[in-house]
Amino acid sequence: NTFLRKVWFCISILIIHFFVKNLFVYKVCPSMINVVWVILLASLVDTSAYVFGKLIGGPKLIQSISPNKTISGAIGGVISLALPAYLFIEISQSNAYHLDFIYVIHSGLIAVYAQIGDIFISYIKRKLNIKDSGSCIPGHGGLWDRLDSVFGIIMIPVLLDGIKNIYLFLMKLI
């Protein structure tokens, strides 16, 4: 178990390196206000998914990786960001309907990215047989349980952009 904790520590250092690099080098979050905003969005998705999952219950999302996550919780996490975006648009009575739709979709995607980050870190921890990734936050599974959703929000758009750039490069070669 000590060896697996050391492996997890090394993986964590690598993930944090790429996480910070993508935050500031690639300008995913060009200011600290953006970083705080992403952390707040991730917390909202995590909390909403937990509440919806506990209140509604239902089938498990991916039981082999994260046995407590439910489909209703995942949907609740998406609703927690998409609905406020929609309500803001309705209240502001914007006339740019095409942009309004994009904001609602973007908010929903942020929630999906957050949940993918959460599941990805859970997958790594399960493969390494590590239940908790730390003890700096009492009552939680560690710092990663607070930042796994932020990881998804930051990394997935960067990965998608990288895939797009590889595709465009290969298309130029053809």
Legend entry - J(HN,Hα) series, region 114-121, from Karplus relation 6.51 cos²θ - 1.76 cosθ + 1.60, nearest Hz, glycine and proline x: 4, 6, 5, x, 4, 5, 4, 5
Legend entry - Listed residue pairs exceeding 19 Å between alpha carbons, taken from 6/125; 125/164; 69/164: 125/164; 69/164
Legend entry - Under 13 Å, Cβ to Cβ, from residue 73 - net charge with Lys/Arg +1 and Asp/Glu -1: +1
Inset, instruction - First measure r as the distance between the Cβ atoms of residue 39 and residue 123, then evaluate 1/(1 + (r/R0)^6) with R0 = 30 Å and state the FRET efficiency to the nearest 0.05. - result: 0.85
Legend entry - Probe 1.4 Å, all protein chains present, accessible-area order of 71, 102, 65, largest first: 102, 71, 65
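The values are calculated or read from the model by the stated rules, or taken from the named source; none is laboratory data. Note that this is a predicted model, so its numbers are computed, not measured. Cβ sites come from the backbone with ideal geometry, for glycine too, and all protein chains shown count toward neighbours. To get the accessible areas, we keep the full protein, side chains included, count just its heavy atoms, and leave off ligands, DNA and RNA. Shrake-Rupley method; radii C 1.70, N 1.55, O 1.52, S 1.80 Å.
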